[in-house]
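Okay, structure first, notes after.
Nothing in this text is a laboratory measurement; each read-out follows from the coordinates by a stated rule. These numbers were taken from a predicted model, which means no experiment stands behind them. Virtual Cβ from ideal backbone geometry, glycine too; neighbours counted across all protein chains shown.
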Amino acid sequence: MDPAQWMAQLQQGDPDAAERLLAYYDGMLRYIVGGILDDPHQREDCLAEVGLKLWENRARYDPERSSPATWLTALCRNAAFDRLRKLQWHSAEELPESHPDPSPGPEELLLQKERVQALGRALNALSPRDRNLIYRKYFYLQSTARMAAELGLTERAVEGRLHRIRKKLQKQLGGEPL
């Protein structure tokens, strides 16, 4: 059987299919979580949470929109970032009541949405190699050293490529600093 068939079984309520999917993609999931969370206990908790989210959200999976690997990658990445935000939030001091509300207003939300769309178009215009570097660095928060080791490059070469890609994106996005 392949992951697509396991997803179909999972959507029909087969808990064994979830276990097979998690075992099949275990290395990938650990790789993603390892780049975001430092604490081994937090990583394990996050992976357990991914299993729970897989089961709870199984009806939301659409094979027309993504592969099982892509869908699990997104679930895992989001779970890891949620956990990281919770850890950072708990370590932050409480704001005084006189502090203004930091949430963005409607205009700012619209501007953010437009910037996200423009960035998406600019990223799609990059070569697959360049897009891979950007995703590794800023989407999966991988260190330059890890990227260099896995890609067979020097750290300086990775930093240079990232610098050139950022300049290219900056130019495409109208000169706004990245």
In terms of the alpha carbon gyration tensor, root eigenvalues a ≥ b ≥ c, rounded if a/c is under 1.5 and otherwise prolate when a/b exceeds b/c or oblate, the range 3-91 is prolate
If unit charges are put on Cβ atoms (+1 for Lys and Arg, -1 for Asp and Glu) and the dipole of the range 106-172 is taken about its Cα centre, the option from 106, 117, 134 lying farthest towards the positive end turns out to be 134
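Once every DSSP H run of n ≥ 4 in the chain is given -39500 (n - 2.57) and the sum is divided by its residues, what mean residue ellipticity at 222 nm do you get, rounded to the nearest 500 deg cm²/dmol?
-22500 deg cm²/dmol
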Once the dipole of the chain is set up from charges on Cβ (+1 Lys and Arg, -1 Asp and Glu), the residue from the list 57, 69, 89 lying farthest towards its positive end is 69
Matching label for the computed P(r) over Cα pairs in 5 Å bins from 0, in percent, out of (1) 1, 7, 12, 14, 15, 16, 16, 11, 6, 2, 0, 0; (2) 1, 7, 16, 20, 21, 17, 10, 4, 1, 0, 0; (3) 1, 7, 13, 17, 17, 14, 12, 9, 5, 2, 1, 0, is (1)
About its Cα centre, the range 1-92 carries a charge dipole, from +1 on Lys and Arg Cβ atoms and -1 on Asp and Glu Cβ atoms, whose size in debye to the nearest 20 is 320 debye
Most fluctuating of 131, 30, 164 in the GNM of the chain (C-alpha, under 10 Å) is 164
Which residues qualify? For residue 173, with a placed amide H closer than 5 Å and at least 5 residues away or on another chain, they are none
If every Lys and Arg gets +1 and every Asp and Glu gets -1 at its Cβ, then about the Cα centre the chain yields a dipole, in debye to the nearest 20, of 1200 debye
To the nearest 20 debye, the range 36-88 has a Cα-centred charge dipole, built from +1 on Lys and Arg Cβ and -1 on Asp and Glu Cβ, of 160 debye
